[in-house]
1. Taking 0.36 nm per residue of sequence separation and subtracting the Cα-Cα distance, how much length would be gained by fully extending the chain between GLN115 and LYS99, in nm to one decimal?
2. Mind checking the range 65-118 for GluC sites (Glu not before Pro) that DSSP puts in a loop (not H, G, I, E or B) and that have at most 10 other Cβ atoms within 10 Å?
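Just so it is clear, none of the values below were taken in a lab; they were calculated from the coordinates. Here the structure is a predicted model, which is why all the values come from computation and not from measurement. All Cβ positions, even for glycine, are placed from backbone atoms using ideal geometry, and neighbour counts span all protein chains on display.
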Amino acid sequence: MGIEKEFVREIRESDLPYIVEKPQPAKKKSQAEAEYKPKPEQKKKTGLLPNPEKKVILKEKMRITREIEAVSVAYNEAKAKNDSKQTNEQWKKLLLLNKELSALRDQVKTVHGEQIPSWWDKDNQM
């Protein structure tokens, strides 16, 4: 999970609960998988999003982005007031929203042959 660097002011110890996960060894690829590298012209073209779906996804991205901005403001206000309970709640909301945005981005990336299309990063998409 990642957090945009503009949301990080400092790094410090926290009393928030977390789960410790043991690292899993990487799965070994079969020799055929390791040797196979698709040529650019072999990539699937059928998974590209049609325009109506693209608009729905961009609308969802904008909704999540607006929520992130609003929660960031609430987080900063709670932090300024030294309200640790509210700060923690807003932080958890930020993490969930960033996870939701990341999942949406991964969905788009999967449909577009593991590449992010140019329309994803453009400002004022609609």
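1. 3.9 nm
2. GLU114
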